[in-house]
Amino acid sequence: MKLQMHSIHFDADQKLINFIQKKADKLDTYYDQIIDGEVFMRLDKNDKSENKIVEIKLNVPGKQLFAKSQNDSFEAAADDAIEALRRQIKKYKEKLVLAKQ
């Protein structure tokens, strides 16, 4: 799956980008018709420890799926967002099957 990575207020290292790409590629096992996606990694300028935000948009035929997560590390936030997208993909596929019946 082709993902565009955007890091806002910081420079993401290749290790983080590869981690997110590898996790997102696993979504292809749930639904192989994902067109592309965008990942926004943002460093929030507040005093809380949970100041890392990951937003992921996925384009599937006829719909755009979106998940956002905030955590104390980009890896944990990406895991949460990808898990939310996995649930959305599962629900989307169930609706497609019901519509075809």
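We did not get these values from a lab; they are worked out from the coordinates using the rules stated. Here the structure is a predicted model, which means the values were calculated and not measured. Using ideal geometry, Cβ is built from the backbone for each residue, glycine included, and neighbour counts are taken over all protein chains shown.
For the stretch 1-55, the alpha-carbon radius of gyration amounts to 1.27 times the rule-of-thumb value 2.2 N^0.38 Å expected for a compact globular protein.
For the stretch 6-22, the Karplus equation 6.51 cos²θ - 1.76 cosθ + 1.60, evaluated at θ = phi - 60°, returns couplings of 10, 10, 10, 6, 6, 10, 6, 7, 5, 4, 5, 4, 5, 4, 5, 4, 5 Hz by residue, with Gly and Pro reported as x.
Is there a pair in Lys15/Lys48; Lys57/Lys91; Lys23/Lys68 whose C-alpha atoms are over 19 Å apart, and which pairs would that be? As for pairs spanning more than 19 Å Cα to Cα, those are Lys15/Lys48.
The C-alpha atoms of the stretch 2-100 occupy a region whose extents along the principal axes are 49, 24, 18 Å, arranged from largest to smallest. Packing around the peptides 35-42, 22-29, taken as the average count of other Cβ atoms within 10 Å per residue, puts them in this order, highest first: 35-42, 22-29.
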